[in-house]
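I am attaching a structure below and will ask some questions about it afterwards.
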Amino acid sequence: MTSTPTVARDVLTQLEAEERAARVSNCRYEIALDIQANAETYHGDVTITFDLAGEGSIFLNHRGKTIHELTVNGAAVEPDWSAYRLTLPAASLAPHNTVRIRYENEYDHTGDGFHQFIDPEDGEEYIYSQFEPFESHRLFPNFDQPDIKATYRLAVTAPANWQVVSNAPEEQSEPVSGGRTRHVFAGTPRFSTYLFALVVGPYDVYRAEHSGIPLGLYCRKSLSPFIDTDELFEITRQGLDFFGAFFDYPYPFKKYDQLFVPENNSGAMENIGCVTFNEAFIYRDPPTDNQRRRRAEVILHEMAHMWFGDLVTMRWWNDLWLNESFATFMAYLAMTKATRFTSGWQDFNASIKNWAYRQDQLVTTHPISGPVGDTDETFLNFDGITYGKGASVLKQLFFAIGEEGFREGMRQYFRVHQYENATLAQFLESLEAGSGQSLGEWSRLWLETPSLNTIGVTWEADGERITRLALTQTAPDGYPTIRPHAFEVGLIRETDGRLDIESLPARVDGPEAELAAAVGRPKPDLVFPNYGDYAYAKIALDAESAAWVRANIDRVGDVLLRQLLWSSVWNMVRDQQLSSLAYLEMVRDKGLLEPETGLLDPILAQATTALARFVPEELKDEECHRLFETAWQGLRAATTEDGRIIWGRTLVAAAVTPGDVRRAARLADGAESVPGFTVDQQMRWDIAAKFVAYDLDGAAERVATEVANDPSDRGQRAKLRCDTSVPDFATKLAAWERIAGDGYGTLKLTTAAMSGFNWSKQRELLAPFVDRFFDEVAGIFQAKENQFFSDYFASLYPAYRVERDTLERSQRLLADAGDADPTLARMLREAIDELDRAIRCREFAAKG
């Protein structure tokens, strides 16, 4: 018996999941996989046992090539199989069931499912799984939803020189014919299907042990020269100690492996005992300490999931936010308390929290906790609200109820719900028990309503003393919720050439609240109503404070406060309260004086965003050149390696005029030099791409040089970017057709080709493809998978054309598409919102 599938859309609704979970229990998978080297397919044999309540058929999720055999309770059954669902007939089912399926699957090449990769440097083959939220049925047939937890027993036959890693420790191995080995893994505790993992290939492995827990680090052979195992193991040990003590619950699984895998779409994935990471966290080029800090956050984020998400798992994807927000908050807490990265909260504000603020101001803002109708909607909710806003309000809650109450609540949560599924209501019950405080109203206001508030301050002084200070709270017209905020107000005052900072606890529950404790205190030069960054809100500086900040921000010694002030100024630019040109002038003036590289990095990143989005087109070259010259000054003046790297990256990013691009190339070629600084390979590729896109002499030779310098998969992708950057219509047309067709092999290669397509300097050449984008994008969405479409839209939507014609065409497309395709509709709404903001910022700047 052989069966091939019919075609359907691969999605699971919440209603279907609830109905299936009510019927299926006591599930167990025994999986045997046969993997050959350099093959297009692999073979699987899975036996599923489960109890079943109620009457009628039940379906398994299965996405594969061919089913060779299906037996249900010992009897052969003809498969009733779409491309994604295998229905088990009611007549074959019983209260206790055993289902066996022998099948053959093709490997995936999209970064999801069971992804196959060939290393262009040495030809070695690497394969790994990536299943969240709804992809484990690409590897084996199963009930693919988080609340049908199961146990697993796995056997894998693979080439003898390959590592084979899964969730449980290997129990035994034996050689078999053909130069291969059969690996048998121990049985697992109960966990959700999306957390199952399998990684195979000739990985280099580094082992250690901590408190009886076996630790492993894995990477490709070609990346071994770059992996810094000492720091990775150090952060791992520190995290295991911190979380075990904080939760009063030792690490709950048998081992802890961390594997760096190629062409991964996300930062990392919290598979039980088998965590996979994007290879970007192995640094081929010298990293800054800021990069290392962010890697530490990712390591600790995935580790926190071992308790929150893996040991206890959400029932459905509407509580995805709780998984991700909790892991994000706990990662920063662990980083600041248990590692050398004690300035973690500064990074939290610069990256995570500002991501949340941006997302929460889009027209597609949504509650932290809200309905998720199906698995496609889940894909869209891996966003700044799920990660950043949720973590921010948890930080605020931690501040409000106290560390002891929060910690005790978490300890109860894990004790009560270990190895089970839980809901938001049960999480809050545990926190209420731990803290002794009611959280129902807090949940309603903070978790169940969208958007954010703005907190401001008005104050008066009589001579040298404050006579009145009032806090104000506003909400957007479309989202009028007023929320309780607990925070600290910073009073900053210049005294005898120094700055004194006094902070006062404050609370605002309504539109306005008087801060009586401020009355009688010395008149400040700056009032900042979120000192310490406890509130989740935009901060509106009063006029006097804003003017002082623009003139004196470099004099503020408190690094976190300085970061918060820069964020407030940036929000003024986004809200058309400060011209992008004035902001860039401030960056040029004050950026050169910024000694803290962890702060300098986001300041300069926002400056490059302002150049790309918020500066009028006719002024862009001039403003880019000014930042380029500032970067030269900063590069030559920098006294640390991190400073030189950050200024060097900014210099390359700001090189837009042909003269500046050529000057950056002279630095790369050694014709100009800065002591202590070397243009790294990524910068060299960026310069090469600009030579191609701007049609500068020597472009082809420069690309050939970089190909020789960098034969890695990074170099392969960078070469593709250069190929599609060529300012030639025939080249663009061929790339366009190939991107929408069969692509360039893997999704990562195709996305690299996309990344070279749109250049603002090529706007006339690209005009026909603007038409094609709007004509074809709906069809692309129907034909392609979510990750492809997300990359396609992000790369090929003509965002570089910041003009009303693009805005109007986007609005017409949205009107035509309606809500029939929620993914497309959401992406269009966000693009329209971002484009409208950019247009308004440019118009504001043009007024002078």
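The values are calculated or read from the model by the stated rules, or taken from the named source; none is laboratory data. It should be emphasised that the depicted structure is a prediction, and the values quoted were computed from it without experimental measurement. Glycine gets a Cβ as well: all are built from the backbone with ideal geometry, and neighbour counts include every protein chain shown. Ligands, DNA and RNA are stripped out before the accessible areas are found, and what is left, the full protein with its side chains, is counted by its heavy atoms. Shrake-Rupley method; radii C 1.70, N 1.55, O 1.52, S 1.80 Å.
Could you order Met572, Met269 by accessible surface area, starting with the largest, using a probe radius of 1.4 Å?
Numbers: Met572 30, Met269 0 Å².
So, going from the largest accessible area down, we get Met572, Met269.
Now for a different question. When the Cα atoms of segment 185-341 are enclosed in a convex hull and the volume is divided per residue, what value in Å³ results?
Details: hull volume 18.8 nm³, N = 157.
Normalising the Cα hull of segment 185-341 by residue number yields 120 Å³.
Would you calculate the separation in nanometres between label points at Asp836 and Ala37, each defined as 7 Å from the Cα along the Cα-to-beta-carbon direction?
Here the modelled spin labels are 5.8 nm apart.
Any idea of the accessible area per residue across segment 458-560, 1.4 Å probe, to the nearest Å²?
Value for segment 458-560: 45 Å² per residue.
Using only Cα atoms and rounding to the nearest 10 degrees, what angle (0 to 90) does helix 403-417 make with the longest principal axis of the chain?
It works out to around 10 degrees.
Rounded, prolate or oblate: which fits segment 490-595 when a ≥ b ≥ c are the square roots of the eigenvalues of the alpha-carbon gyration tensor, with rounded for a/c under 1.5 and prolate only if a/b beats b/c?
oblate
Between Ala517 and Glu404, 0.36 nm times their residue separation minus their Cα-Cα distance comes to what? Write out the running numbers ahead of the final one.
Working: separation 113, 0.36 × 113 = 40.68 nm, distance 2.73 nm.
So the chain would gain 37.9 nm between Ala517 and Glu404.
Only Cα pairs under 8 Å and at least 6 apart count here; give the relative contact order of the chain as a rounded whole percent. Before the final figure, lay out each step's value.
Values: 1574 pairs, mean separation 67.0, N = 848.
The normalised contact order for the chain reaches 8 percent.
What translational diffusion coefficient, in µm²/s and rounded to a whole number, does the Stokes-Einstein relation yield for segment 83-140 at 37 °C and a viscosity of 0.692 mPa s, taking the hydrodynamic radius as the Kirkwood radius over Cα pairs?
It comes out at roughly 233 µm²/s.
Limiting things to C-alpha atoms, what are the Rg and the maximum Cα-Cα separation (Dmax) for the chain, in angstroms?
27.8, 92
Sorted by accessible area (1.4 Å probe), largest first, how do Asp147, Asp816, Asp669, Asp289 line up? Please list the in-between numbers first.
Working: Asp147 30, Asp816 130, Asp669 90, Asp289 55 Å².
Greatest to least solvent exposure: Asp816, Asp669, Asp289, Asp147.
Quick check on the chain: of the DSSP beta bridges with both residues there, what percent are antiparallel, nearest 5%?
Roughly 80 percent of the beta bridges in the chain run antiparallel, per DSSP.
Taking every Cα atom in segment 396-543, find the radius of gyration and the maximum pairwise distance Dmax, and write them in Å.
Rg then Dmax for segment 396-543, in Å: 18.7, 64.
Ratio of segment 37-103's C-alpha Rg to 2.2 N^0.38 Å, to two decimals?
So segment 37-103 has a normalised radius of gyration of 1.17.
Please compute P(r) over all alpha-carbon pairs of segment 105-189, binned at 10 Å starting from zero, and give each bin as a whole-number percent.
Answer for segment 105-189: a P(r) of 16, 40, 37, 8, 0 percent.
Now for a different question. What is the percent carbon and sulfur in the accessible area of the chain, measuring with a 1.4 Å probe over the protein chains and ignoring ligands?
On the way: 14850 of 30550 Å².
Summing carbon and sulfur atoms, their accessible area is 49 percent of the total for the chain.
Mean 1/r over all different Cα pairs, inverted: what Kirkwood radius does segment 313-372 give, in Å?
When all Cα pairs of segment 313-372 are included, the Kirkwood radius is 13.0 Å.
Continuing with this model, one more query. Whole percent per 10 Å bin, from 0 to the bin with the longest distance: what is P(r) over all C-alpha pairs of segment 162-230?
16, 42, 35, 8
Starting from a Cα-only point model with no solvent, please compute log10 I(q)/I(0) by Debye for segment 537-611 at q = 0.14, 0.16, 0.17, 0.24 1/Å.
Per q value, in the given order, log10 I(q)/I(0) is -0.38, -0.50, -0.57, -1.24.
Binning every alpha carbon pair distance of segment 118-164 at 5 Å from zero, what are the percents per bin?
Percent of Cα pairs in each bin: 5, 14, 19, 22, 15, 13, 8, 4, 1.
For segment 307-443, what is one quarter of the convex hull surface built on the Cα atoms, given in nm²? Let's see the in-between values first.
Working: hull surface 33.6 nm².
About 8.4 nm², averaged over all directions.
Over the Cα atoms, compute the radius of gyration (one decimal) and Dmax (the largest Cα-Cα distance, rounded to a whole number) for segment 49-195, in Å.
For segment 49-195, the Cα radius of gyration and maximum Cα-Cα distance read 16.8, 55 Å.
How long is segment 689-743 along each principal axis, judged by its Cα atoms, biggest number first, in Å?
Each principal axis gives a Cα extent; for segment 689-743 these are 31, 26, 12 Å.
Just need the relative contact order of segment 1-152 here, percent rounded to a whole number, with Cα pairs under 8 Å and 6+ apart.
28 percent
Just to be sure I understand the model, the point goes 7 Å from the Cα along the line to the Cβ. What's the resulting Thr705 to Asp496 distance in nm?
Reported label-point gap for Thr705 and Asp496 is 5.8 nm.
What number does segment 633-682 give for Rg over Rh if you use C-alpha atoms and the Kirkwood radius?
For segment 633-682, the value is 0.93.
Do me a favour and compute the ellipsoid semi-axes for segment 658-707 from its Cα gyration tensor, root of five times each eigenvalue, largest one first, whole Å.
Details: eigenvalues 63, 29, 14 Å².
In descending order the semi-axes read 18, 12, 8 Å.
Still on this structure: Debye sum, Cα scatterers, segment 610-731, no solvent: what log₁₀ I/I(0) at q = 0.09 1/Å?
Here the Debye-derived log intensity ratios amount to -0.25.
Next question, about the same structure. If we count every other residue with Cβ under 11 angstrom of Leu807's Cβ, Lys/Arg +1 and Asp/Glu -1, where does the sum land?
After counting each charged neighbour, the total is 0.
Could you calculate the contour length gain from Gln426 to Glu170, that is, 0.36 nm times the residue separation minus the distance between their Cα atoms, to one decimal place in nm?
Values: separation 256, 0.36 × 256 = 92.16 nm, distance 3.52 nm.
Extra length available between Gln426 and Glu170 comes to 88.6 nm.
So which lysines pass the test for Lys761, namely a Cα distance under 21 Å, with those fewer than 8 places away in the same chain ruled out?
Lys620, Lys690, Lys719, Lys732
Continuing with this model, one more query. I'd like to know which of Ala689, Leu491, Pro214 lies farthest towards the positive end of the charge dipole of the chain, counting +1 on Cβ of Lys and Arg and -1 on Cβ of Asp and Glu.
Leu491
Where does segment 762-829 land on the Kirkwood hydrodynamic radius, alpha-carbon pairs, in angstrom?
On the way: mean 1/r = 0.0810 Å⁻¹.
Evaluated over segment 762-829, this radius sits at 12.3 Å.
Report, to one decimal in Å, the Kirkwood hydrodynamic radius for segment 1-124 based on all distinct Cα pairs.
Hydrodynamic radius (Kirkwood, Cα pairs) of segment 1-124 is 15.9 Å.
Could you tally the net charge around Ser435, taking each other residue with its Cβ under 9 Å from the Cβ of Ser435, Lys/Arg +1 and Asp/Glu -1?
Around Ser435, the surrounding residues sum to -3.
Provide the descending list of Cα extents for segment 663-821 along its principal axes, expressed in whole angstroms.
Dimensions of segment 663-821 along the principal axes of its Cα atoms: 57, 33, 31 Å.
Take the alpha-carbon positions of segment 112-245, form their convex hull, and give its projected area averaged over all directions (one quarter of the hull surface) in nm².
9.8 nm²
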